[in-house]
Structures are given as structure tokens and as C-alpha cells.
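Student: Can you keep this structure in mind? I'll have questions shortly.
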Ligand SMILES: [Zn+2]
């Protein structure tokens with residue numbers, strides 16, 4: 001069954017453009033404006049307010065053109081209904097430049113799939129290239145303002161007057177993306193060598209020919225796929241709202257939202273804690289690490305963001321022999337005969353109500369078992385134990401959980417994979 005773009009839109013609400021109230025006054029109403037992220041080539045990110053872009057519904061001839069556009073698989077790993085489907089669009093590529101579009105798309109996917117946690121799932125992701133044909137080559141306002149080009153998605157630099165902001169007609173882009181057999185994320189590459197890109201609720205744009213611009217798409221996928229908040233801020237601002245829903249920001253100065261990671265070293269450097277500032281605000285809100293990908297483009301994701309991305313990508317992959325391999329969390333270790341170990345990492349994790357699934361791979365000749373335990377208020381209590389195949393499934397209430405991996409007979413190293421609700 002085809003996945004619809006609308007599901008993606010609701011998941012990407014974190015990035016929804018924010019309409020700003022017009023200031024009081026007796027002049028004509030101010031032009032409505034919205035936030036857009038701006039990316040600098042040095043990796044820093046900021047937000048600017050630009051006039052609301054006109055929402056132009058695709059005309060019937062645009063829909064016909066979209067329906068007639070060919071879709072090719074850059075990689076196809078399984079049926080769309082059981083895979084994460086990444087859709088890449090092009091704009092500003094003429095009929096004679098489809099080979100160039102393919103090269104640019106392959107370069108962007110290579111960069112995305114080399115970044116954790118995409119790397120882990122690369123073998124279980126379908127990548128669809130929609131061969132959008134434009135009448136003219138290149139994008140508008142490239143390299144400077146005042147240059148107009150007739151392209152299928154209307155891509156242009158200097159969006160809202162911001163040079164590196166690469167905008168397009170979002171609804172047209174969605175119409176083209178819908179030609180793919182499944183849509184879980186959309187990246188639109190423009191035929192330009194100028195650095196730039198932009199984040200929309202449903203997609204990101206990125207310069208096709210600039211090798212540094214792929215990081216923009218990876219950051220934006222953090223929003224649209226992982227539901228992550230930004231971790232940079234505007235100086236002098238204070239957060240006063242409720243506890244945010246995003247997994248990588250909290251009002252709690254103790255960082256209990258990511259308790260199982262506190263004190264651990266994180267791929268972006270330093271240790272996980274509660275660092276002041278995030279989600280655009282300097283005060284009143286905390287982030288898990290000093291400088292992750294949601295704050296600086298040239299950094300990896302921090303541990304809580306990695307886990308959230310992992311869950312989001314892994315949850316859209318199912319079936320076949322990849323059932324265990326596609327689970328979002330992996331821990332490995334070794335046991336002595338009769339020994340045991342708690343996972344993850346000797347600690348516990350908090351889970352919402354729902355289904356836990358886990359797989360335990362034990363060494364040949366040994367028999368290992370897996371217990372899922374929950375904190376009942378005064379003690380850890382076993383609620384499920386793996387079967388002979390090493391698999392466990394349990395539907396439980398929200399609360400704190402831990403896995404006990406134990407040796408029934410034999411010793412050796414094991415791998416535990418699991419999904420949390
Ligand atoms: Zn962002």
C-alpha cells in the first residue's frame with residue numbers, strides 16, 4: 001500500500017512554519033511572515049523571518065506532468081510497504097540532464113547513508129529518484145538576483161531576500177514525490193553549484209552540485225523523520241511553554257528525559273547532560289549535549305537524537321529476515337557460564353505504553369535467555385522471557401524497563417536488538 005505524504009506532514013509538525021502575529025498599529029496589516037532555517041557554509045544554523053511564500057496549488061497541467069514523470073530506483077531493498085522510502089526529486093534539470101540529476105541524487109544519498117543512524121539501515125531503505133524534467137537548466141537567482149529560469153518546481157535562491165535560502169513550490173514537489181511507490185521522506189536537489197538549501201514541513205531542498213550541502217538534508221531529516229528539535233538558540237530568548245514533546249529538549253535541568261544516557265560519552269563530543277539552550281531559546285530549556293548535528297551541521301547526532309532517529313527509521317521497516325536486524329537499538333556483550341548482564345549498558349530506559357520486541361543472538365553451543373523487567377515501584381519484576389528462538393514480545397504500560405541477558409548454559413558473546421514502544 002502506498003504511503004501518503006499527509007502522514008509525513010503530521011510527523012513533521014515540529015518544523016511547521018510559524019505564522020507571526022502582525023504588530024498592532026494603524027498602518028496596513030504587516031505582511032505575514034514565517035520562520036525559515038538558514039545554513040552557513042561554516043556549519044552554523046540560524047533562523048530568519050521571511051514573508052510567507054504564496055501557497056500555489058498545482059494546476060491540472062502540473063498534475064498531469066507529475067503523473068507522466070518516470071521514477072527509477074537508486075536502490076530497492078524490498079516492497080515499499082515494508083521499507084523506509086526516501087524520495088529524491090530534481091529541479092532545474094532539462095530532459096538532456098537526467099544523467100546529471102542521477103549523479104547529484106546518488107551523491108546526496110551516499111552522504112546521507114554514510115551518516116548514523118542512516119548507515120545502519122541503508123540496506124533496508126528504498127531510494128526513489130523522480131526524474132522531474134524542467135524547461136530550462138539551473139535555478140532562479142543563481143548566482144545573483146534577477147535571473148529567472150523556467151523550472152518544474154520553481155526553485156530559487158534569495159528566498160525572502162536570503163541569498164543561500166533555496167525555496168520551491170512545496171505542493172508541486174509533493175505532487176511529484178507522490179509518483180514514487182512510497183514516501184517517507186523527500187529531498188529536492190537543485191541544479192546548482194551554489195551552497196544552499198531550506199527546510200519545509202514535508203521536505204528539504206539542497207544544492208545538487210555543492211558537496212557541503214548534503215549536511216543540510218541530514219539536519220532537516222532529523223526534524224521531519226526523527227521529530228527532533230533544533231539545539232541552537234537565539235540569544236536573549238526564554239522558553240516558557242509546557243514540557244516539549246521532542247525527545248532532545250526538556251525543561252528539566254536534570255535531563256531525566258534521557259536518563260539512560262546521562263554521563264555517557266556522545267559521538268558529537270563530551271558527555272550527555274543537560275545543557276542550557278535549545279529549540280531556538282537561550283534560557284528555560286535544555287539539550288542533551290554541547291554541540292550536535294541539530295546545532296551544527298558538521299557534527300554527528302548526539303545519543304538521544306540517534307536513538308530517536310533509529311526508532312523512527314526502524315519502525316517503518318518490517319518483515320522478512322530483517323525483523324531483528326531492523327530493530328532500533330543494539331547492544332552486545334559477553335557472559336560467563338551462568339552469568340548475567342543488564343541492558344542497555346547496565347541501566348534502564350523509559351518507555352511509553354505499547355509493545356516491546358527484542359531478539360537475542362547467542363553463541364553456538366550456548367543457551368542464553370532474555371528477561372524483560374519493569375520497575376513496579378519498589379523492585380524490578382520480570383514481565384516477559386524470550387522463547388527458544390531468542391525472541392520476546394510484550395505489551396506493557398508506560399514505565400521504566402530493563403533487559404536481563406543471562407546464560408542458562410555456556411559462555412560467549414551475544415547481540416541484543418530491541419524496539420521500544
Ligand atoms: Zn533545524
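The values are calculated or read from the model by the stated rules, or taken from the named source; none is laboratory data. Every value quoted in this text rests on a predicted model; they were computed, and no experiment measured them. No Cβ is skipped: glycine too gets one built from the backbone with ideal geometry, and neighbour counts run over all protein chains shown.
Student: Please count how many residues of the range 189-215 are under 19 Å from residue 50 (Cα atoms) and either in contact with a helix residue (DSSP H, G or I) (Cβ under 7 Å, 6 or more places away or on another chain) or within 11 Å of the ligand (Cβ to nearest atom) (or both).
Tutor: The qualifying residues number 9.
Student: Kindly indicate whether residue 292 is at pLDDT 90 or above and within 30 Å of residue 242 (Cβ to Cβ). Show your work before the answer.
Tutor: On the way: at pLDDT 90 or above: yes; within 30 Å of residue 242 (Cβ to Cβ): yes.
Yes.
Student: Quick one: which of 316, 311 is in a loop (DSSP other than H, G, I, E, B), within 14 Å of the chain's Cα centre (by Cα) and away from the ligand (no atom under 16 Å from the Cβ)?
Tutor: Result of the check over 316, 311: 316.
Student: While we're looking at this one, here's another question. For the range 407-420, name all the residues that are surrounded by fewer than 19 Cβ atoms within 10 Å (Cβ to Cβ) and either at pLDDT below 85 or assigned to a strand (DSSP E or B) (or both).
Tutor: 408, 409, 412, 413, 415
Residue by residue, here is whether (1) more than 28 Å from residue 108 (Cα to Cα); (2) surrounded by fewer than 16 Cβ atoms within 10 Å (Cβ to Cβ); (3) more than 16 Å from the ligand (Cβ to nearest atom); (4) modelled with pLDDT of 95 or more holds:
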{"residue": "25", "(1), (2), (3), (4)": "yes, yes, yes, no"}
{"residue": "29", "(1), (2), (3), (4)": "yes, yes, yes, no"}
{"residue": "37", "(1), (2), (3), (4)": "no, no, no, no"}
{"residue": "45", "(1), (2), (3), (4)": "no, no, no, no"}
{"residue": "50", "(1), (2), (3), (4)": "no, no, no, no"}
{"residue": "64", "(1), (2), (3), (4)": "no, yes, yes, no"}
{"residue": "67", "(1), (2), (3), (4)": "no, yes, yes, no"}
{"residue": "73", "(1), (2), (3), (4)": "no, yes, yes, yes"}
{"residue": "79", "(1), (2), (3), (4)": "no, yes, yes, no"}
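Student: Yes or no: the range 174-197 includes at least one residue that is buried (at least 21 other Cβ atoms within 10 Å of the Cβ), more than 24 Å from the chain's Cα centre (by Cα) and free of Cβ contacts under 8 Å to residues at least 40 places away in the same chain.
Tutor: So far as the range 174-197 goes, no, none of its residues is buried (at least 21 other Cβ atoms within 10 Å of the Cβ), more than 24 Å from the chain's Cα centre (by Cα) and free of Cβ contacts under 8 Å to residues at least 40 places away in the same chain.
Student: I would also like to ask the following. Taking residue 231 and the conditions (1) more than 16 Å from the ligand (Cβ to nearest atom); (2) assigned to a loop (DSSP other than H, G, I, E, B); (3) touching a residue at least 12 places away in the same chain (Cβ under 8 Å); (4) over 24 Å from residue 138 (Cα atoms), which numbered condition does it fall short on, given that it satisfies the others?
Tutor: Checking residue 231 against (1) more than 16 Å from the ligand (Cβ to nearest atom); (2) assigned to a loop (DSSP other than H, G, I, E, B); (3) touching a residue at least 12 places away in the same chain (Cβ under 8 Å); (4) over 24 Å from residue 138 (Cα atoms), the one that fails is (1).
Student: Still on this structure: So is residue 237 without any contact (Cβ under 8 Å) to a residue 60 or more places away in the chain and in contact with a strand residue (DSSP E or B) (Cβ under 6 Å, 6 or more places away or on another chain) or not?
Tutor: Criteria met by residue 237.
Student: When you scan the range 358-376, do you find a residue that is surrounded by 15 or more Cβ atoms within 10 Å (Cβ to Cβ) and closer than 23 Å to residue 316 by Cβ, even just one?
Tutor: Restricting attention to the range 358-376, the residues satisfying the condition of being surrounded by 15 or more Cβ atoms within 10 Å (Cβ to Cβ) are 358-360, 362-363, 366, 368-374.
Adding the requirement that they be closer than 23 Å to residue 316 by Cβ leaves 358-359.
Within the range 358-376, one or more residues are surrounded by 15 or more Cβ atoms within 10 Å (Cβ to Cβ) and closer than 23 Å to residue 316 by Cβ.
Student: Quick check on my filter: what residues within the range 382-406 are on the phi > 0 side of the Ramachandran plot, buried (at least 19 other Cβ atoms within 10 Å of the Cβ) and in a strand (DSSP E or B)?
Tutor: Restricting attention to the range 382-406, the residues satisfying the condition of being on the phi > 0 side of the Ramachandran plot are 390, 399.
Those left that are additionally buried (at least 19 other Cβ atoms within 10 Å of the Cβ): 390.
Residues satisfying the conditions do not exist here.
Student: Still on this model: Exactly one of these conditions fails for residue 33: (1) surrounded by 15 or more Cβ atoms within 10 Å (Cβ to Cβ); (2) more than 22 Å from residue 297 (Cβ to Cβ); (3) modelled with pLDDT of 95 or more. Give me its number.
Tutor: Only one criterion is unmet by residue 33, namely (3).
Student: Okay, next question. Take residue 251 and decide whether it is within 19 Å of residue 119 (Cα to Cα) and either away from the ligand (no atom under 16 Å from the Cβ) or modelled with pLDDT under 95 (or both).
Tutor: Working: within 19 Å of residue 119 (Cα to Cα): no; either away from the ligand (no atom under 16 Å from the Cβ) or modelled with pLDDT under 95 (or both): yes.
So residue 251 fails the test.
Student: Follow-up. Is it the case that some residue within the range 110-123 is assigned to a strand (DSSP E or B) and touching a strand residue (DSSP E or B) at 6+ places or on another chain (Cβ under 8 Å)?
Tutor: No - not one qualifying residue is present in the range 110-123.
Student: State yes or no: is residue 341 on the phi < 0 side of the Ramachandran plot, touching a strand residue (DSSP E or B) at 6+ places or on another chain (Cβ under 9 Å) and outside the structural domain of residue 239 (by TED's automatic domain parsing)? Walk me through how you get there before you give the answer.
Tutor: Values: on the phi < 0 side of the Ramachandran plot: yes; touching a strand residue (DSSP E or B) at 6+ places or on another chain (Cβ under 9 Å): yes; outside the structural domain of residue 239 (by TED's automatic domain parsing): yes.
Criteria met by residue 341.
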